[in-house]
Amino acid sequence: MRTFITFDNLVNNPVEAFMNIEKTLDLRFPVPLNQASDGLSQFISKDLIHHHQPLSDGCEQSEFIELGMTLHSQLIAAANSELQVNFERLDNIRLQINNIQHSFSSLLVNQLMDTYKIRGDLQLTMNKIFRSWSWALGKPMRFLERGLGKDV
């Protein structure tokens, strides 16, 4: 048995997302969700959202991106219970992605993986900064500096 949830649903309503997981998979988490709701809402916050890029910006797309978009739409539809998941189609997409990936040099793949790890670490650091007291206390000063035309 499998279930799918979207990242947006998880971030916007974590308790409901976990309730759907329990219901669909017929399982119970060690801590009842009504007791864990405050902790879940604090741990899974909207700060985890660090991009708002549309899936398609109208430019020419590679086969790799098209496969990713197809996979994404299939999983979103499954998470929203709009269709039964076609696992044969998902396996086919995985094979196509693997074939494309094997055509990349391992050096490029490693460089991309390292770059995304660094980007993720930087995003976490920026999220911590934006939630810090010093950032909140400095907000009025940054507002005044912008009003005076200074680059902040």
#### Entry: DSSP-loop trypsin sites (Lys or Arg not before Pro) across segment 68-152, with at most 12 other Cβ within 10 angstrom
ARG131, LYS150
### Query
Considering only DSSP states other than H, G, I, E and B, which chymotrypsin sites (Phe, Trp or Tyr not before Pro) in segment 96-152 qualify as loop sites with at most 16 other Cβ atoms within 10 Å?
PHE104
### Lysine pairs in the chain with Cα atoms under 25 Å, if 8 or more residues apart or on separate chains
8
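Tell me, which longest segment in the chain has none of the GluC sites (Glu not before Pro) that fall in DSSP loops with at most 16 further Cβ atoms within 10 Å?
Values: sites that count: GLU60, GLU82.
By the stated rule (loop sites, at most 16 other Cβ atoms within 10 Å), 83-152.
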### Message
Test of understanding: in a Gaussian network model of the chain with alpha carbons linked when under 10 Å, which of ILE118, ILE76, ILE97 would top the mean-square fluctuation ranking?
### Response
ILE118
### Query
Counting each DSSP H run of 4 or more residues in the chain as -39500 (n - 2.57), what helix-only mean residue ellipticity at 222 nm follows after dividing by all residues, to the nearest 500 deg cm²/dmol?
-22000 deg cm²/dmol
## Note on the structure
Comparing GLY138, GLY39, GLY68 in a Gaussian network model of the chain (Cα, 10 Å), the one with the largest mean-square fluctuation is GLY138
### Task
Would you mind calculating the relative contact order of the chain from Cα pairs under 8 angstrom and at least 6 residues apart, reporting the percent as a whole number?
19 percent
### Query
Picking from PHE130, ILE118, SER81, whose Cα lies most toward the positive end of the charge dipole for segment 78-152 (charges on Cβ: Lys, Arg +1; Asp, Glu -1)?
PHE130
### Query
Hey, rough spin-label estimate for ALA136 and LEU124, points 7 angstrom out along Cα→Cβ, what's it come to in nanometres?
2.3 nm
### Task
Among LEU40, LEU71, LEU27, determine the one that fluctuates most according to a GNM of the chain built with springs between C-alpha atoms less than 10 Å apart.
LEU27
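Every read-out reported here was derived from the displayed coordinates using simple, explicitly stated rules and does not represent laboratory data. All figures in this text were calculated on a predicted structure; none of them were measured in a lab. Reconstructed Cβ throughout: ideal geometry from the backbone, glycine too, with neighbour counts over all protein chains shown.
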